[in-house]
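Asks: Dropping the structure in here first, questions after.
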């Protein structure tokens, strides 16, 4: 949402600037539109589709009809409704993980970048965590806790944090060597104001980009967890869970796999492309070239 | 006592594992109230390290002060807790750095950055601090100060940024301004403006200036006294006009000779000092400049006595000072100062 709000700050002049931008960057515009579409679908799911949970064995594996435009699954549930509601899980997990990873990663990363001994300890811990595959770690955490959305979010957040910590630390190590930080110290700034005003704002560019990648990988990870049947209970509509269900009918009804699969690919692709564009836009060398 | 800051026998080394670099060796000087003291020397001789040591800005992990004191109004800044140093930085000592392109924070407006020190040290409210920042912009002669407060550093030219840096350093009316090569990164016409600004502000605000430079032209036009530094030691110190009129150290003589247009060579050739700065990984006995010096004799490698006065207020660590002056007596630059 904030992306589109930022694109339209004032009605007339800003609108024409936004349109101009859209004309020059069709890929970015399409991805923004896609993402906005997914957000709207997630919010207004009850208006767009019927009950995703209603089981109707008599209708099982029925082809598309007026009541279920994408057909019905092996329990006779509306595939379209499940796909629409599944957007909610993916978006919620993606955004929550991105926010949590950013907060935790920035806090720990700045500490690691400024403290000599603390930094060494934190780096060894992240090394250890990154040695274990993220999905494996997420499965382990998810199976330790009660099933539910919060469990999924936490289980995906924990393995994502070390990546952000490493990034933030490396940026902080560079920023704190910059002359303007020395200059800030030379006028008596120190401690929290120094971090808050002079170090943190200069790390935000790479952090935002990493956050979008964390969002995309969290969406995939949540689908993987649902596909494997960890974390969320099977009746909760999610794209991963739909694909797991469709797997058994794949030879006869491959299209059941296709719906959630295409949606997942589109969403992840949109988020990733936006991340790339964001990293280009925030890279001062590239930004300068395009503005000249 | 009319000194603002008094540096006494300051020695400092950098450590990197087993490696040690003796960056400063028994540096002593004092800055009097209202004077401009210039610190001159080639790259790597310890000018900036001296400034950073006074401010306590050197990395604590690698830089170690092995002896000496930096006294300011009776307080020794060496070994002062960080919290108390913060009260002094930006309040009683201001500092301007070499590169104005990177010494301002790109994400804040210049008004915010100038106001920062005032809010911190004078406990001013945001509005009061911005008022003060505006006055500072007027003071450093940035036109249209009211609108410029909300400009970001990238909207300003190099010379204007350096003016903003000066405003930041002076917002709390410090007694001492340390200017570490403030004009090196600027082009020549802007250099002159910035130097003039510093000289004017010094007179207006009654502060002292420690001007670090490698440009003898800058020294001649702005400083009252100068110190020549070589390999972490002060080799000659005195009033600017006396040092130019009676150069008394082999290194000073070589610096003067290397000024374009003042050398022995014909117009169009540049005279350089042969050789390079010595490695400082072990203490050097005797004169550090002797290996490159045209006046050197065997006695130069004997350990040095404290620099004696060659005339009133003019000290030189050179035992061949008489020979140096004899050789320089007829050079055009020396004659022009006599």
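The values are calculated or read from the model by the stated rules, or taken from the named source; none is laboratory data. Predicted model, so just to flag it, every value in this text is computed and none were measured. Here Cβ is always computed from backbone atoms with ideal geometry, including for glycine, and neighbour counts include all displayed protein chains.
Asks: Identify, from the list A:117, A:110, the residue that is more than 21 Å from residue A:217 (Cα to Cα), within 14 Å of chain B (Cβ to nearest Cβ), out of contact with any strand residue (DSSP E or B) (no Cβ under 6 Å at 6 or more places or on another chain) and part of a helix (DSSP H, G or I).
Replies: Exactly one residue qualifies, and that residue is A:117.
Asks: Right, next: Restricting to segment B:89-102, and then to whatever is out of contact with any strand residue (DSSP E or B) (no Cβ under 7 Å at 6 or more places or on another chain) and within 27 Å of residue B:33 (Cβ to Cβ), can you tell me which residue is farthest from the other protein chains (Cβ to nearest Cβ)? Steps first, answer last, please.
Replies: Just the residues of segment B:89-102 that are out of contact with any strand residue (DSSP E or B) (no Cβ under 7 Å at 6 or more places or on another chain), to begin with: B:89-91, B:99-102.
Now narrow it down to the ones that are within 27 Å of residue B:33 (Cβ to Cβ): B:89-91.
On the way: B:89: 4, B:90: 3, B:91: 6 Å.
Ranking the candidates gives B:91 first.
Asks: Sticking with this structure for a sec: Does residue B:139 count as more than 9 Å from every other protein chain (Cβ to nearest Cβ) and touching a residue at least 12 places away in the same chain (Cβ under 8 Å)?
Replies: Here the answer is yes, as residue B:139 does meet what is asked.
Asks: Now for a different question. Does residue B:190 satisfy the criteria of being touching a helix residue (DSSP H, G or I) at 6+ places or on another chain (Cβ under 6 Å) and surrounded by fewer than 23 Cβ atoms within 10 Å (Cβ to Cβ)?
Replies: Against the criterion (touching a helix residue (DSSP H, G or I) at 6+ places or on another chain (Cβ under 6 Å) and surrounded by fewer than 23 Cβ atoms within 10 Å (Cβ to Cβ)), residue B:190 qualifies.
Asks: If you don't mind, there's one more thing I want to ask. Among the listed residues A:193, A:234, which satisfies the condition of being within 10 Å of chain B (Cβ to nearest Cβ) and surrounded by fewer than 20 Cβ atoms within 10 Å (Cβ to Cβ)? Walk me through how you get there before you give the answer.
Replies: Numbers: A:234 fails: within 10 Å of chain B (Cβ to nearest Cβ).
Just one listed residue meets the conditions, A:193.
Per-residue answers, yes or no, for (1) surrounded by 17 or more Cβ atoms within 10 Å (Cβ to Cβ); (2) at pLDDT below 90; (3) in a strand (DSSP E or B):
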position: B:8; (1), (2), (3): no, no, yes
position: B:20; (1), (2), (3): no, yes, yes
position: B:27; (1), (2), (3): yes, no, yes
position: B:42; (1), (2), (3): yes, yes, no
position: B:48; (1), (2), (3): yes, no, no
position: B:53; (1), (2), (3): yes, no, no
position: B:61; (1), (2), (3): no, yes, no
position: B:68; (1), (2), (3): yes, no, yes
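Asks: Are any residues in segment A:62-82 surrounded by fewer than 24 Cβ atoms within 10 Å (Cβ to Cβ) and either within 24 Å of the chain's Cα centre (by Cα) or on the phi > 0 side of the Ramachandran plot (or both), and if so, which ones?
Replies: Within segment A:62-82, A:71, A:76, A:80, A:81 qualify.
Asks: Is it true that residue A:139 is in contact with a helix residue (DSSP H, G or I) (Cβ under 6 Å, 6 or more places away or on another chain) and either at pLDDT 95 or above or surrounded by 17 or more Cβ atoms within 10 Å (Cβ to Cβ) (or both)?
Replies: It is false that residue A:139 is in contact with a helix residue (DSSP H, G or I) (Cβ under 6 Å, 6 or more places away or on another chain) and either at pLDDT 95 or above or surrounded by 17 or more Cβ atoms within 10 Å (Cβ to Cβ) (or both).
Asks: Please specify each residue of segment A:264-279 satisfying the condition of being in contact with a helix residue (DSSP H, G or I) (Cβ under 6 Å, 6 or more places away or on another chain) and farther than 15 Å from residue A:218 by Cα.
Replies: Result: A:273, A:274, A:277, A:278, A:279.
Asks: On the given criteria, is residue B:166 more than 19 Å from residue B:135 (Cα to Cα), touching a strand residue (DSSP E or B) at 6+ places or on another chain (Cβ under 6 Å), touching a residue at least 60 places away in the same chain (Cβ under 8 Å) and within 12 Å of chain A (Cβ to nearest Cβ)? Write out each step before concluding.
Replies: On the way: more than 19 Å from residue B:135 (Cα to Cα): no; touching a strand residue (DSSP E or B) at 6+ places or on another chain (Cβ under 6 Å): yes; touching a residue at least 60 places away in the same chain (Cβ under 8 Å): yes; within 12 Å of chain A (Cβ to nearest Cβ): yes.
Here the answer is no, as residue B:166 does not meet what is asked.
Asks: From B:292, B:329, which residue is under 23 Å from residue B:46 (Cα atoms) and without any contact (Cβ under 8 Å) to a residue 60 or more places away in the chain?
Replies: Checking each option against the conditions leaves just B:292.
Asks: If you go through segment B:300-325 one residue at a time, how many are assigned to a loop (DSSP other than H, G, I, E, B), closer than 22 Å to residue B:241 by Cβ and touching a helix residue (DSSP H, G or I) at 6+ places or on another chain (Cβ under 8 Å)?
Replies: 2
Asks: Now a separate question. Condition (residue is surrounded by 12 or more Cβ atoms within 10 Å (Cβ to Cβ), over 30 Å from residue B:203 (Cα atoms) and either over 18 Å from the mean Cα position of the chain (by Cα) or touching a residue at least 12 places away in the same chain (Cβ under 8 Å) (or both)) applied to segment B:237-245: is it met by at least one residue?
Replies: no
Asks: Within the bounds of segment B:75-86, is there any residue that is buried (at least 17 other Cβ atoms within 10 Å of the Cβ), more than 30 Å from residue B:279 (Cβ to Cβ), out of contact with any strand residue (DSSP E or B) (no Cβ under 8 Å at 6 or more places or on another chain) and within 12 Å of another protein chain (Cβ to nearest Cβ)?
Replies: Within segment B:75-86 (the criterion being buried (at least 17 other Cβ atoms within 10 Å of the Cβ), more than 30 Å from residue B:279 (Cβ to Cβ), out of contact with any strand residue (DSSP E or B) (no Cβ under 8 Å at 6 or more places or on another chain) and within 12 Å of another protein chain (Cβ to nearest Cβ)), the answer is yes, since at least one residue qualifies.
Asks: May I pose another question? Being away from chain A (no Cβ under 14 Å) and over 27 Å from the mean Cα position of the chain (by Cα) is the requirement here; does residue B:148 meet it?
Replies: yes
Asks: A further question on this structure: For segment A:268-283, state whether one or more residues are within 14 Å of chain B (Cβ to nearest Cβ) and over 30 Å from residue A:154 (Cβ atoms).
Replies: Yes, some residue in segment A:268-283 is within 14 Å of chain B (Cβ to nearest Cβ) and over 30 Å from residue A:154 (Cβ atoms).
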